[in-house]
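J.: Before anything else, here's the structure in question.
Read-outs throughout are calculated quantities, based only on the coordinates presented, and are distinct from any laboratory measurement. Here the structure is a predicted model, which means the values were calculated and not measured. Here the Cβ positions follow ideal geometry from the backbone for every residue, glycine too, while neighbour counts run over all protein chains shown.
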């Protein structure tokens, strides 16, 4: 079963990174303020980045790598040239 690492753009222009095997279901939970503490106080707008992995372990490893990135590095990864584009 494939797993996905995703980055959400939140309404305050912050990013949330997570992993799941069902992106649509996870996004529904996030929009309800469930599934992660962060999204309760930083409501998500949309998925801005997605990577597919063959197993959970690889997805978790990549999630940790992305979470260590700076905001500027996440902007670059997601394809935004600057914060003003968000």
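J.: Mind checking the full-extension length gain between residue 58 and residue 46? Use 0.36 nm per residue of separation minus the Cα-Cα distance, one decimal, nm.
T.: 2.0 nm
J.: Report the relative contact order of the chain, percent, no decimals, based on alpha-carbon pairs under 8 angstrom and at least 6 residues apart.
T.: So the answer I get is 35 percent.
J.: In what sequence do 70, 17 fall when counting other Cβ within 10 Å, fewest first?
T.: Ranking 70, 17 by Cβ neighbours within 10 Å, fewest first, gives 70, 17.
J.: Let me ask something else about it. Tell me the label only: which of [x] 108; [y] 192; [z] 83 is volume of the Cα convex hull per residue in Å³ as calculated from this structure?
T.: Here volume of the Cα convex hull per residue in Å³ agrees with entry [z].
J.: Further, regarding this structure: What is the distance, in nm, between label points placed 7 Å from the Cα along the Cα-to-Cβ direction at residue 36 and at residue 72?
T.: 2.3
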